[in-house]
Amino acid sequence: MTQMPVDLAQLADRLETRAAAGGRVIAAIAGAPGSGKSTLAEKLIGKLNARRPGMAAVLPMDGYHYDDLYLVPAGLRPRKGAPMTFDVGGLYHTLKRLRDRDEAEVAVPVFDRKIEIARAGARLIPREVAVIVVEGNWLLLNQAPWDGLQPMFDLTVMVDVPEHVLRARLRGRWERLGLTETEIIEKLEENDLPNGRWVRDGSVPADHVIRNG
């Protein structure tokens, strides 16, 4: 599959056109840690809702992080953010509920990075919302159980960012959160950047690509 480069306005146009045809549209925005996918998703939602209030909502994959109460005893806390540290089944069933569109609203979790906890029921997505933008690292990962998500998406996007840009952004993120230099290097070299390469090399081709960096 050839990935078509798009910009934010073009992506908004495509989603609006699909939504106008009737039914709910679910789009996936995938990318490495630090690629800017969360910011892109929020900008996209803002652009769509500026055209028609209430048209779009975002569903962040990070809300499906397993809690540290499980990750620590399982020995997975240092790899938090890797594919095995998410409740993929929970995300799948939320997507199915959103796809079925037979409830007045669906409550979804949102991850609070400051305290490293997913807040259950932190956002409500009403039935009237026509476009759902799902954003996360592993949405297009070509391995079970993640590959079971792909039929849920009507349109997919990969955010492409050079690794040196990712490194700088991630370092800035951890510095702002007060980590020591040793902790920053550990996070970058043992988790974030390996995860970024995994996203790059292990994802199925998206419908579109956005260059961000």
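The values are calculated or read from the model by the stated rules, or taken from the named source; none is laboratory data. All of these numbers come straight from a predicted model, not from anything done at the bench. So basically every Cβ, Gly included, is an ideal-geometry build from the backbone, and we count neighbours across all protein chains shown.
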When region 26-44 is checked residue by residue, the ones that are in a helix (DSSP H, G or I) and of a type in the set (A, V, I, L, M, F, W, C) are Leu40, Ala41, Leu44
Over region 174-203, the set of residues β-branched (Val, Ile, Thr) and either out of contact with any strand residue (DSSP E or B) (no Cβ under 8 Å at 6 or more places or on another chain) or without any contact (Cβ under 8 Å) to a residue 12 or more places away in the chain (or both) is Thr180, Thr182, Ile184, Ile185
Residue hits (region 90-122; over 24 Å from Arg24 (Cα atoms) and touching a helix residue (DSSP H, G or I) at 6+ places or on another chain (Cβ under 9 Å)) are Phe111, Arg113, Glu116, Ile117, Ala118, Arg119
Restricted to region 79-126 and to residues being among the small types (Gly, Ala, Ser) and loosely packed, with under 13 Cβ neighbours inside 10 Å, the residue nearest to Leu69 (Cα to Cα) is Ala120
Tyr66 vs (1) touching a helix residue (DSSP H, G or I) at 6+ places or on another chain (Cβ under 6 Å); (2) closer than 25 Å to Val6 by Cα: all pass except (2)
Per the filter on region 23-38, residues under 30 Å from Asp192 (Cβ atoms) and of a type in the set (D, E, K, R) are Lys37
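Taking the criterion of being farther than 13 Å from Gly34 by Cα, at pLDDT 90 or above and either charged (D, E, K, R) or outside any strand (DSSP E or B) (or both), would at least one residue in region 165-176 satisfy it?
yes
For region 142-152, does any single residue satisfy the condition of being of a type outside the set (Ser, Thr, Tyr), out of contact with any Phe, Trp or Tyr (no Cβ under 9 Å at 6 or more places or on another chain) and at positive phi?
The answer is no, given that none of the residues of region 142-152 is of a type outside the set (Ser, Thr, Tyr), out of contact with any Phe, Trp or Tyr (no Cβ under 9 Å at 6 or more places or on another chain) and at positive phi.
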Looking for something hydrophobic (A, V, I, L, M, F, W, C), within 14 Å of the chain's Cα centre (by Cα) and modelled with pLDDT under 95 - is there at least one such residue anywhere in region 42-55?
no
Scanning region 150-173 for residues that are charged (D, E, K, R) and without any contact (Cβ under 8 Å) to a residue 24 or more places away in the chain gives Arg171
Within region 177-213, residues being within 22 Å of Leu140 (Cα to Cα), at pLDDT below 90 and out of contact with any helix residue (DSSP H, G or I) (no Cβ under 8 Å at 6 or more places or on another chain) number 1
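Matching residues to (1) closer than 23 Å to Glu16 by Cβ; (2) over 19 Å from the mean Cα position of the chain (by Cα); (3) not hydrophobic (A, V, I, L, M, F, W, C):
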{"residue": "Asp67", "(1), (2), (3)": "no, no, yes"}
{"residue": "Arg77", "(1), (2), (3)": "no, yes, yes"}
{"residue": "Leu91", "(1), (2), (3)": "no, no, no"}
{"residue": "Thr94", "(1), (2), (3)": "no, no, yes"}
{"residue": "Leu98", "(1), (2), (3)": "yes, no, no"}
{"residue": "Val106", "(1), (2), (3)": "yes, no, no"}
{"residue": "Arg119", "(1), (2), (3)": "no, no, yes"}
{"residue": "Arg123", "(1), (2), (3)": "yes, no, yes"}
*Just to be sure, is Val159 in contact with a Ser or Thr (Cβ under 7 Å, 6 or more places away or on another chain) and within 14 Å of Trp138 (Cβ to Cβ)?*
yes
The condition of being more than 25 Å from Asp192 (Cβ to Cβ) and free of Cβ contacts under 8 Å to residues at least 12 places away in the same chain holds, among Ala9, Ala20, only for Ala20
